[in-house]
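All remarks here apply to the structure that follows.
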Amino acid sequence: MKNKNSISTTKKFNSIFDWILRMIGYALILICISTILGSDKSIYIDPSYFGIWGLLTAILIYILNKTVKPLIVWLTLPITALSLGLFYPLINVFILKIVDYILMSHFNITGGIFMSILVAILISILNIIMDSIIFKNILRKEDQK
């Protein structure tokens, strides 16, 4: 039987691993979209410093998703319920616009609401893939021990 310290250490390691993997995934999605659609500047991430702005953007999105998003979801729950959940992606768009405002010239989404929705959908798909494939397998292996 494991003691509390080893279980606590394992959970901390898993949460740090989860955070790092999500940050890298978010940054890769943002940088890839910026590179693919870079000619029309509908989404722009400053390419200086070897992608550090993409990573900083990903960290800000993660922080806002953990702090501000629950409050926004709670405030907009009636609208989301009336629209049968169709309003929920607009909350992600709002988070992206907040990050756009914070980072100013280093991260810009100028392609209108459709580009923001595309980025929000891709980040949501990444979260679903990570939760269903990667993290469930890690937790399952941990429970078998």
Just to be sure, is Phe114 modelled with pLDDT under 75, assigned to a helix (DSSP H, G or I) and within 21 Å of Asn65 (Cα to Cα)? no
Selection from region 99-126 of residues that are without any contact (Cβ under 8 Å) to a residue 40 or more places away in the chain and surrounded by 16 or more Cβ atoms within 10 Å (Cβ to Cβ): Asp100, Ser116, Ile117, Ala120
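When the residues of region 39-60 are filtered to those that are of a type in the set (D, E, K, R) and touching a strand residue (DSSP E or B) at 6+ places or on another chain (Cβ under 9 Å), which remaining residue is nearest to Gly25 (Cα to Cα)?
Initially, region 39-60 is screened for residues of a type in the set (D, E, K, R), giving 40-41, 46.
Cutting the leftovers down to touching a strand residue (DSSP E or B) at 6+ places or on another chain (Cβ under 9 Å) gives us 41, 46.
Working: Lys41: 21, Asp46: 17 Å.
Among residues in region 39-60 that are of a type in the set (D, E, K, R) and touching a strand residue (DSSP E or B) at 6+ places or on another chain (Cβ under 9 Å), the one nearest to Gly25 (Cα to Cα) is Asp46.
Considering only residues that are assigned to a helix (DSSP H, G or I) and of a type in the set (Gly, Ala, Ser), look in region 81-108 and name the one that is nearest to Ala58 (Cα to Cα). Please lay out each step first, then the result.
Within region 81-108, the subset assigned to a helix (DSSP H, G or I) is 81-82, 88-106.
Going one step further and asking which of them are of a type in the set (Gly, Ala, Ser), we end up with 81, 105.
On the way: Ala81: 28, Ser105: 16 Å.
Among them, the one singled out is Ser105.
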Filter result for Ser42 (surrounded by fewer than 16 Cβ atoms within 10 Å (Cβ to Cβ) and either touching a residue at least 40 places away in the same chain (Cβ under 8 Å) or farther than 17 Å from Trp19 by Cβ (or both)): no
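Within region 68-76, does at least one residue satisfy the condition of being assigned to a loop (DSSP other than H, G, I, E, B) and modelled with pLDDT under 85?
Pass one, region 68-76, residues assigned to a loop (DSSP other than H, G, I, E, B): 76.
Subset that is modelled with pLDDT under 85: none.
Within region 68-76, none of the residues are assigned to a loop (DSSP other than H, G, I, E, B) and modelled with pLDDT under 85.
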Give region 69-97 a look and list any residue that's β-branched (Val, Ile, Thr) and under 13 Å from the mean Cα position of the chain (by Cα), or say none. Ile91, Val93, Ile95
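The values are calculated or read from the model by the stated rules, or taken from the named source; none is laboratory data. Computed from a prediction, not measured in an experiment: that's the story for all the values here. Cβ coordinates were reconstructed from backbone atoms using ideal geometry, including for glycine residues, and neighbour counts include every protein chain displayed.
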